[in-house]
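The values are calculated or read from the model by the stated rules, or taken from the named source; none is laboratory data. As the structure is a prediction and not an experimental result, all values here were calculated from the model. In this analysis, Cβ positions are derived from the backbone assuming ideal geometry, glycine residues included, and neighbour counts consider all displayed protein chains. Please note that ligands, DNA and RNA were not included when accessible areas were found on the heavy atoms of the full protein model with its side chains. Shrake-Rupley method; radii C 1.70, N 1.55, O 1.52, S 1.80 Å.
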Amino acid sequence: MKTLRNLLMCAVMLFAVSCDRDLPKDWSEVINLYVDAELGEYRPWGHPEDAEPLDGLKIKERKDADWEVIPIDGIIGFSYVEGNEYFIEVEKTHLANPPADASNIIYTLIRIISVH
């Protein structure tokens, strides 16, 4: 009986450990971003259709890409001054399980490369 119990405990532990490897995990990469001199408009998830859109930062990863608008405080550690164009280095974290009402990406400033 003791051997059967030990076998069952080992099976449960093996199952728990193998399941943990299958869970999605957050991952990060270091990228450069262009931040436009002008703010853009966006509507966060759940924002009423008849409400005014909010101001946000216009960003893109490549010069030839289209602008994407994120919340004005969407880059942790970055203080934006309207009228300045920025080229910055950030850590881009992809969240495996983001909050239901938020982005699946978090940007964290590493350094400002240039300001124009």
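Among all positions in segment 35-50, there is no residue which is open to solvent by less than 90 Å² (accessible area, probe 1.4 Å), within 30 Å of Asp22 (Cβ to Cβ) and of a type outside the set (S, T, N, Q). Scanning segment 30-72 for residues that are more than 17 Å from Ser114 (Cα to Cα) and part of a strand (DSSP E or B) turns up Gly40, Glu41, Tyr42, Leu54, Asp55, Gly56, Glu68, Val69, Ile70, Pro71. Hey, among the residues in segment 100-116 that are open to solvent by less than 70 Å² (accessible area, probe 1.4 Å) and farther than 12 Å from Gly74 by Cβ, which one's nearest to the chain's Cα centre (by Cα)? Only one residue fits best here, namely Ile113.
Quick check: anything in segment 79-98 assigned to a loop (DSSP other than H, G, I, E, B), modelled with pLDDT of 95 or more and surrounded by 14 or more Cβ atoms within 10 Å (Cβ to Cβ)? Taking every residue of segment 79-98 in turn, at least one turns out to be assigned to a loop (DSSP other than H, G, I, E, B), modelled with pLDDT of 95 or more and surrounded by 14 or more Cβ atoms within 10 Å (Cβ to Cβ).
Would you call Leu54 among the hydrophobic types (A, V, I, L, M, F, W, C) and more than 21 Å from Ser28 (Cα to Cα)? Yes: the conditions hold for Leu54.
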